[in-house]
Structure formats: structure tokens, C-alpha cells
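Trainee: Here it is, the structure, as C-alpha cells.
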Amino acid sequence: MAKKNTDSQSNQLVMFPSDQVPVLFKKAVEAIQIAPKKGTITLQQQRGWNMLIRNANKQNADFLRTTQTAPEGQAKPLETFSISLKSVREGLRLSNSNNREYIKDTVSSLVGIVVSWNVLNESGQETEWTASGLLASATIRGGTLEYTFSEQVRQIVTNPTMFAYLDENVEHRFRSPHSLTLWQNVVRYENLGRTKRFDLKTFRKMFVGEDGAKGVYKEYKVFKRSVLAPAIAEVNASSNHVVSMTEFKEGRSVVELQFSIVEKQAAPSTDDQDAVSKMVAIGVKQADARTLFSRYGAEKVDVALNYVEDRRKRQDQQPIANLSAYFKKALSQGWTLDVEDVSNARKGGSSAGADQGTDDAQREVRELYMAAQIDEAKAYFEEIADNEREAVVIEYNEQQSIDRFRLSSKRRITPAAERSFLQWLAYKVWGEPTSEDLLKFVLTSQKR
């Protein structure tokens, strides 16, 4: 879920009743994209493991704060974590206080579950295979549960480089483990609006295990009917999002799946809904429209909408290729220049432009404009939430065919790769510049 420490959380406080205020925690993507060797990880096992990850993250953060002053090389990582049985009962939402044996059974089952880790790369395909138990060990002493992860798992869950924000309250609404698995895999893409394409064979293993993927669920129509369709229905009914699925085929066989995801919205006021509807009508996604309305307010949104509508109707200009991107640019830049001013500026400079070489001047203006756009795209990228950045990078890498221009945390980002990414991001956010964009850029520059 979106990592916006104030705005995101305050919006959520309005959206939900007081007893459903989001309780967010950070979970590594590798810990979400796991495939059990045998069968399905049950709903209670998933909840229990998430609870232990939440607790480990908190204890690890507290531990790191206390060891910041330790001499370099002397601070050892926290390897054993602990939680009271009372907290376990509360985390699992157990009503009966006399359930020590049930807790022991649940925790011991996590030690016995072997999974494949990091099963998907940025392109949605299966990468290197590594097996590990969800827990390495567990001990109950008095009223306290002590537990450890394997070294690899500990590093992943306590220091994630790619992660999703999950809501503890939402995970407890589900009644099917498949629904929780689906929700965890798609919710981190909420700000992008769609997931990457998942390889079907790999995706299926996350739901029914490696053995189940070779059995009855090997047939896609069975997997879809018995697992995916009910999971999508429950996510839509019980979570804060609406999810839909798209199938991609090779010949007659489905080989990849992609999911769209939009956030359910609280009932808006009439004025808000009118502005949001107008934005949606020009191609802005519903969730983005409400975010823009909250960020800029009714007056600025109305000015930008009127500007775009006026520009769209003008017959002396090329059609706007991407109304949504053009609107976002007009809104972010606060474009309010009168049409007459633009027309007069164009007429006043026409003969001089012809005498001095219009083509060269236009190329120079475009280069300056694109350079400014790159700076703006970099600032925009730095402002968005971490999981939004991750989703944008994934989308960029999926469409980038040249490997050296792809972004990867495993290698240094070259200036050429950064420029390629920022140019792509500028086009994605604001679209291709029109002649009027370039003219407004010149006029704005002259006023500075």
C-alpha cells in the first residue's frame, strides 16, 4: 500500500470506521512471492507468519537504534526474536485464552513449511531457486515465544529492499487463503493501477504449491474456476480494492496473467464527484483523479480542466495525443495563460522566426524543454512513495529492450540509464510536448 506517512494515512482514517483504522506493516516482496513445496499455506499460517514478521521488524528496528553508537564491526545483527503468548493470541484474533496447544501447532507448522523464495524477477519470470522453511526454530518459555528465521529469510524480512505495505485489519477479513495470497500480490500495485504480467506456471505455485501445480490444478480452467475466481470475488467484496484479471495467450493456451487494481472510494461530495468525473472523462484514473483533487483543490483543478477543454477545441492546433497527461501537466504547472496571449505571441514572432531559421530555433527550444522535463521527472520520482517508485521501475524495465538501460539494484545505475528512465517517465506522466507546450515554456522562461 502507498507509503505516504501523513497524507495516505490521514485519508485512510477518513475512509474506515474507527475499529477498522489501517494497521500497516512492511513485508518484503520476496516473502510475498513464495511457493510452498506441498499444498496451500493455510489462512491461519499466513496470518501467523505475517504477525511474526511484523514483530521481528519492530524488534529489529528497536535493536538497530540502540546499536547505532557501537564501534564499526562490533554490532551483531539481531537473530532471535520474542513475543508474548498474549500478543500471539491477539495477533491471531483468538478468543479463547486457553489455546497454548493451538499456538504450538500453528508455529511448529511454520517450521515445517518449505517454500521457494524470490520466485519472480522484475519481468514476472521465475529466477534462481532457493528453498527454506518459513521459520528455522521456535521455543516457548513461560509466557513467551522465541523464534528464529534462517539467515537468508532473516535478511529478507528484516531488511527488505522491495516491499509492500499490508494492512493487518484487511488480512483478517478474508476467509480463504487464496484470497489473502492474491491480495498480497496485487495490492502493492494500487498506485500504478495494474500489476506486471505474472507467468502462469509460477503464479499458480504460489496458490496451490509445487505439488498442486502438477496435479488437478495443472489444467488452467480448473485453477481459474476453483482458485482464482473465488479469490478475486472475495478480494473485491472484503478488501478496500476492486481487482480484475486479464489473460494473455500463446495460441489457445493462457500463459500470463495481469491484474488491474483500483481503490474503493468513500462517498464524495457532489462538487468533488463532479470534478472527479470530469477528470475521469479525459482519461485520468479514478484513484488518480481523487488524489489530484485532494492535492490541488477544486479551484486549481477547475482552472486546469477549463484550460485543457479550451485547448482541445482549438482548430489551429494539433490534436492533443494524451489528454490525461496534458491535463496533469497543466495542473502541476498551473497553466492559466489566456488563449489570446498565446495567439498574439505566436503571431508576433512568426516573421522573425522565419528569418532566423525556424527549424533550428524549434530544435533548440525542444532540447531545453526536454532537459527541464528530465529535472521535473527526477523531482517527481523522488516525491512519490517507495512502493510507487518500485512499481514505476518495474513498468519501465518491462518495456526497455536494451539491458544496459534497465534499472537494477544489483548494479550501478549509469548516467545513460538514468537519462533513459527519466525521459520515459516524463513522457509517461506528461505526454509528448505540443507546439503550445514549447511556446508556453519559452514565455514562462522569459518571465523568470
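The values are calculated or read from the model by the stated rules, or taken from the named source; none is laboratory data. Please read these numbers as outputs of a predicted model, since none were measured by experiment. Every residue, glycine as well, gets a Cβ built from its backbone with ideal geometry; the counts of neighbours run over all protein chains shown.
Trainee: Please tell me if Arg54 is exposed (fewer than 14 other Cβ atoms within 10 Å of the Cβ) and either modelled with pLDDT of 60 or more or touching a helix residue (DSSP H, G or I) at 6+ places or on another chain (Cβ under 8 Å) (or both).
Mentor: Numbers: exposed (fewer than 14 other Cβ atoms within 10 Å of the Cβ): no; either modelled with pLDDT of 60 or more or touching a helix residue (DSSP H, G or I) at 6+ places or on another chain (Cβ under 8 Å) (or both): yes.
Considered against the rule, which asks whether it is exposed (fewer than 14 other Cβ atoms within 10 Å of the Cβ) and either modelled with pLDDT of 60 or more or touching a helix residue (DSSP H, G or I) at 6+ places or on another chain (Cβ under 8 Å) (or both), Arg54 comes out as no.
Trainee: Oh, and also: Among (1) surrounded by fewer than 18 Cβ atoms within 10 Å (Cβ to Cβ); (2) touching a helix residue (DSSP H, G or I) at 6+ places or on another chain (Cβ under 9 Å); (3) modelled with pLDDT under 95; (4) not charged (D, E, K, R), there is one condition Ile34 misses while meeting the rest; what is its number?
Mentor: (1)
Trainee: Does any residue of the range 382-393 turn out to be at pLDDT 80 or above, part of a loop (DSSP other than H, G, I, E, B) and out of contact with any strand residue (DSSP E or B) (no Cβ under 7 Å at 6 or more places or on another chain)?
Mentor: Restricting attention to the range 382-393, the residues satisfying the condition of being at pLDDT 80 or above are 392-393.
Narrowing further to those that are part of a loop (DSSP other than H, G, I, E, B): none.
Checked against the condition, which is being at pLDDT 80 or above, part of a loop (DSSP other than H, G, I, E, B) and out of contact with any strand residue (DSSP E or B) (no Cβ under 7 Å at 6 or more places or on another chain), the range 382-393 yields no hits at all.
Trainee: I would also like to ask the following. Answer yes if at least one residue in the range 266-280 is exposed (fewer than 14 other Cβ atoms within 10 Å of the Cβ), out of contact with any helix residue (DSSP H, G or I) (no Cβ under 7 Å at 6 or more places or on another chain) and modelled with pLDDT of 80 or more, and no otherwise. Give the derivation first.
Mentor: Step one: list which residues in the range 266-280 are exposed (fewer than 14 other Cβ atoms within 10 Å of the Cβ), which gives 266-267, 269-271, 274, 277.
Narrowing the set further to residues that are out of contact with any helix residue (DSSP H, G or I) (no Cβ under 7 Å at 6 or more places or on another chain) leaves 267, 269-270, 274, 277.
In the following step, the residues that additionally are modelled with pLDDT of 80 or more were identified as 274, 277.
Yes, some residue in the range 266-280 is exposed (fewer than 14 other Cβ atoms within 10 Å of the Cβ), out of contact with any helix residue (DSSP H, G or I) (no Cβ under 7 Å at 6 or more places or on another chain) and modelled with pLDDT of 80 or more.
Trainee: Can you tell which of Gln258, Gln286, Gln318 is modelled with pLDDT under 85 and buried (at least 17 other Cβ atoms within 10 Å of the Cβ)? Before the answer, list the steps.
Mentor: Values: Gln258 fails: modelled with pLDDT under 85; Gln318 fails: buried (at least 17 other Cβ atoms within 10 Å of the Cβ).
Answer to the selection: Gln286.
Trainee: For the range 76-112, give me each residue that is more than 34 Å from the chain's Cα centre (by Cα) and either touching a residue at least 12 places away in the same chain (Cβ under 8 Å) or surrounded by 14 or more Cβ atoms within 10 Å (Cβ to Cβ) (or both).
Mentor: Restricting attention to the range 76-112, the residues satisfying the condition of being more than 34 Å from the chain's Cα centre (by Cα) are 95-102, 104-105.
Result: Asn99, Arg100, Tyr102, Lys104.
Trainee: Which one of these is among the aliphatic types (A, V, I, L, M), in a strand (DSSP E or B) and at pLDDT 90 or above: Val227, Val235, Val243? Let's see the steps before the verdict.
Mentor: Working: Val227 fails: in a strand (DSSP E or B); Val235 fails: in a strand (DSSP E or B).
Val243 is the lone residue from the list that is among the aliphatic types (A, V, I, L, M), in a strand (DSSP E or B) and at pLDDT 90 or above.
Trainee: Separate question: From Glu72, Glu90, which residue is acidic (Asp, Glu), assigned by TED's automatic domain parsing to the domain that holds Phe203, modelled with pLDDT under 95 and within 24 Å of Phe174 (Cβ to Cβ)?
Mentor: Numbers: Glu72 fails: within 24 Å of Phe174 (Cβ to Cβ).
That would be Glu90, the only listed residue that is acidic (Asp, Glu), assigned by TED's automatic domain parsing to the domain that holds Phe203, modelled with pLDDT under 95 and within 24 Å of Phe174 (Cβ to Cβ).
Trainee: Which residues, taken from the range 306-331, are in a helix (DSSP H, G or I) and of a type outside the set (D, E, K, R)?
Mentor: Asn306, Tyr307, Val308, Leu323, Ser324, Ala325, Tyr326, Phe327, Ala330, Leu331
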